[in-house]
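**Student:** Have a look at this one.
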Amino acid sequence: MSNKHVDVLIVGAGLSGIGAACHLTRKAPNRTYAILERRERIGGTWDLFKYPGIRSDSDMFTLGYSFRPWTEPKVLADGNSIRQYVEDTAEEYGVKKHIRFGRKVIKANWSSADNHWAVETTNEKTGEQETFTANFLFSCSGYYNYDEGYKPDFPGEKDFKGQVVHPQHWPENLDYKGKKVVVIGSGATAVTLVPAMAKEGAQVTMLQRSPTYIATVPEVDPISVGMRRFLPEMMVYRLARARNIGIQRLIFKLSKQRPKLVRRALLAAAKRQLGDDVDMTHFRPSYNPWDERLCAVPNGDLFKTLRRGEAEVVTDHIERFTETGILLKSGKELEADIIITATGLNIQMLGGVEGTIDGKPVEPRESLVYKGMMLRDVPNMALVFGYTNSSWTLKADLVCEYVCRLLNHMEKTGAQTVIPRDKDNCITDENFLGMQSGYIQRANDRLPRQGSKQPWMVVQNYMVDLPKLRFGAIDDGVLEFDNYQQGKKKGLVASVIGSVTG
């Protein structure tokens, strides 16, 4: 085999890909691996996004890796700190030497004749084409299109004389101090941008079509800060992680079982922080909590900014852009020097890679997801897709642990291939993410389907997934292994020969 053949080929060197490599190093050290990364640096999302205030919207005790503690005081960390954490983790586990930077993955084909994946890449700087082969393909390329964010076609956009910026492509040295800025959107990016830009002297208006639930979280966890004085770092991390997993789960469960109670609590907390001068109409969503993802703000920074009058919120629909700003359906016009379209992401499965089996395309829309990480009838392949109602890395860690167990099981039994088989035809028409959020609904026709029963149902519940993925049987009657008995016989023959010759 050429030096471009490995046991496991990981696509993506972001939070998930580096985590996957570290798990392999820790749990399946006999397996060779390489990572293909399109960018020139580690970090993925946290290297791509550069907009002001960029930070996590999940706490770092659960967004961090299970095996390496987050030691900084901030609970919602800034983008640079998260990227550095990923970089330091890669350094600690000797991962960096395995990364092939500047490789855009174009196509991945499983060859039944060769029993491996052939992955075609392009070096976008030189145009050079390379093919890597691997026994197992591990897609860790995130869930959205890195090339373009989602932006509706706004009527009259070309008439606007100012600058239009999408947060995914933030220009270097954008000067917004003292300027009128309209941020279109009400999701995690918008609620981050508004206080960050206002703090730097911009006159900011957040223009939303409809309100979002926004919850305040402490910027620093005082319990963990106190415990660090007398407990080892890893113990403090695990205790905080367990506590936050429990709190996240409790809030989500309550939101589904008693939505009116949670709604009242969230709105009361917002009202308390906003004061009497801010109209609460802008903070009363029409849907129940967790029908769409909750937004978290550290120490209520958005509420404080609005209360001080440093920014405002407008709830309305856009009629069209004008030369000097945005005309709303109500007839009001918002003046702007800069318009930020924080209108979301475009979901993209498998990083946009064209997947084929013996040359025949794999259509995600016609696929079914096994245990939230493998696709029906696709050999030797897994993907990381984190939780939509909790931290991404909680699921990523479990998937990586499971893949290591699966690879070790195959090594032990001599199996060369593993394929999930849906013998009961339990596919449904529901996508596997099951949320009403716009970015998910827009991608519905490109997402794999949900199953009607386990292990084809994606439950978005860490407490359910934990025992199944960490301790559940690998050979469960759904995964089909080739050479399974043959592998056992090979192992038996080898041990007999060994005992005779020894």
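The values are calculated or read from the model by the stated rules, or taken from the named source; none is laboratory data. The structure displayed is predicted, hence computed values, not measured ones. Heads up, the Cβs are rebuilt from the backbone with ideal geometry, glycines too, and the neighbour counts pull from every protein chain shown. With ligands, DNA and RNA removed, areas are computed over all heavy atoms of the protein, side chains included. Shrake-Rupley method; radii C 1.70, N 1.55, O 1.52, S 1.80 Å.
**Student:** Does the stretch 105-119 include one or more residues that are over 30 Å from His409 (Cα atoms), within 25 Å of the chain's Cα centre (by Cα) and surrounded by 18 or more Cβ atoms within 10 Å (Cβ to Cβ)? First the steps, then the outcome.
**Tutor:** First, pick out the residues of the stretch 105-119 that are over 30 Å from His409 (Cα atoms): 106.
With the extra rule that they be within 25 Å of the chain's Cα centre (by Cα), the set shrinks to 106.
When the remaining residues are screened for being surrounded by 18 or more Cβ atoms within 10 Å (Cβ to Cβ), the result is none.
Checked the stretch 105-119: no residue is over 30 Å from His409 (Cα atoms), within 25 Å of the chain's Cα centre (by Cα) and surrounded by 18 or more Cβ atoms within 10 Å (Cβ to Cβ).
**Student:** Applying the selection to the stretch 37-79, what residues are of a type in the set (A, V, I, L, M, F, W, C) and either closer than 20 Å to Ile223 by Cα or under 18 Å from the mean Cα position of the chain (by Cα) (or both)? Please lay out each step first, then the result.
**Tutor:** First, the residues of the stretch 37-79 that are of a type in the set (A, V, I, L, M, F, W, C): 42, 46, 48-49, 54, 60-61, 63, 67, 70, 75-77.
Hits for the stretch 37-79 are Ile42, Trp46, Leu48, Phe49, Ile54, Met60, Phe61, Leu63, Trp70, Val75, Leu76, Ala77.
**Student:** Take the residues in the stretch 474-489 that are open to solvent by less than 50 Å² (accessible area, probe 1.4 Å) and at pLDDT below 50, then tell me which one is nearest to the chain's Cα centre (by Cα).
**Tutor:** So, considering only residues that are open to solvent by less than 50 Å² (accessible area, probe 1.4 Å) and at pLDDT below 50, the one nearest to the chain's Cα centre (by Cα) is Tyr484.
**Student:** Answer yes if at least one residue in the stretch 459-471 is at pLDDT 70 or above and among the hydroxyl-bearing types (Ser, Thr, Tyr), and no otherwise.
**Tutor:** Start the filter on the stretch 459-471 by keeping residues that are at pLDDT 70 or above, which leaves 459-471.
Those still in the list that are among the hydroxyl-bearing types (Ser, Thr, Tyr) too: 462.
Checked against the condition, which is being at pLDDT 70 or above and among the hydroxyl-bearing types (Ser, Thr, Tyr), the stretch 459-471 yields at least one hit.
**Student:** Still on this structure, please answer the following. Find all pairs meeting these conditions: Cβ atoms under 7 angstrom apart; at least six residues apart or on different chains; first residue within the stretch 471-484 and touching a residue at least 60 places away in the same chain (Cβ under 8 Å) and within 14 Å of Arg376 (Cα to Cα); second residue open to solvent by 40 Å² or more (accessible area, probe 1.4 Å) and not polar (S, T, N, Q).
**Tutor:** Val478/Arg421; Glu480/Arg421
**Student:** Tell me, which helices (runs of 4 or more DSSP H) wholly within the stretch 16-95 include 1 or more residues that are acidic (Asp, Glu), touching a residue at least 24 places away in the same chain (Cβ under 8 Å) and surrounded by fewer than 22 Cβ atoms within 10 Å (Cβ to Cβ)?
**Tutor:** On the way: elements: 45-48, 60-63, 79-92.
Per the criteria, 45-48, 79-92.
**Student:** If you check Lys304 against the conditions, is it within 28 Å of Ile247 (Cα to Cα) and among the basic types (Lys, Arg)? Walk me through how you get there before you give the answer.
**Tutor:** Working: within 28 Å of Ile247 (Cα to Cα): yes; among the basic types (Lys, Arg): yes.
Here the answer is yes, as Lys304 does meet what is asked.
**Student:** Starting from the stretch 246-270, take each residue that is free of Cβ contacts under 8 Å to residues at least 40 places away in the same chain and list its partners that are among the small types (Gly, Ala, Ser), counting only C-beta distances under 7 angstrom and pairs at least six apart or across chains.
**Tutor:** Listed pairs, sorted by first residue: Val262/Ser255.
**Student:** Identify the residue in the stretch 122-142 that is assigned to a strand (DSSP E or B) and of a type in the set (Val, Ile, Thr) and, among all such residues, is surrounded by the fewest Cβ atoms within 10 Å (Cβ to Cβ). Talk me through it step by step, then tell me what you get.
**Tutor:** First pass over the stretch 122-142, keeping only residues assigned to a strand (DSSP E or B): 122-123, 129-139.
Adding the requirement that they be of a type in the set (Val, Ile, Thr) leaves 122, 131, 133.
Working: Thr122: 17, Thr131: 14, Thr133: 16.
Step by step, filter the stretch 122-142, then rank; the result is Thr131.
**Student:** Looking at Gly355, Gly359, can you tell me which residue is buried (at least 21 other Cβ atoms within 10 Å of the Cβ), in contact (Cβ under 8 Å) with a residue 40 or more places away in the chain and farther than 22 Å from Gly162 by Cα? Working first, answer last.
**Tutor:** On the way: Gly359 fails: buried (at least 21 other Cβ atoms within 10 Å of the Cβ).
The unique qualifying residue is Gly355.
**Student:** Next up: Search the stretch 420-435 for residues that are more than 15 Å from Asp291 (Cα to Cα) and pair each with any residue that is open to solvent by 60 Å² or more (accessible area, probe 1.4 Å) and among the hydroxyl-bearing types (Ser, Thr, Tyr) when their beta-carbon atoms are under 9 Å apart and the residues are at least 6 apart or on different chains.
**Tutor:** Asp424/Ser452; Cys426/Ser452; Ile427/Ser452; Thr428/Ser452
**Student:** Considering only the stretch 375-408, how many residues are modelled with pLDDT of 95 or more, buried (at least 22 other Cβ atoms within 10 Å of the Cβ) and under 16 Å from Arg446 (Cα atoms)?
**Tutor:** The number of residues fulfilling the criteria is 2.
**Student:** Among all residue pairs at least 6 apart or on different chains, which show Cβ distances below 8 Å where the first residue, located in the stretch 170-183, is touching a residue at least 60 places away in the same chain (Cβ under 8 Å) and open to solvent by 40 Å² or more (accessible area, probe 1.4 Å) and the second is of a type in the set (Gly, Ala, Ser) and in a loop (DSSP other than H, G, I, E, B)?
**Tutor:** Lys179/Ala202; Lys180/Ala202; Lys180/Ala336
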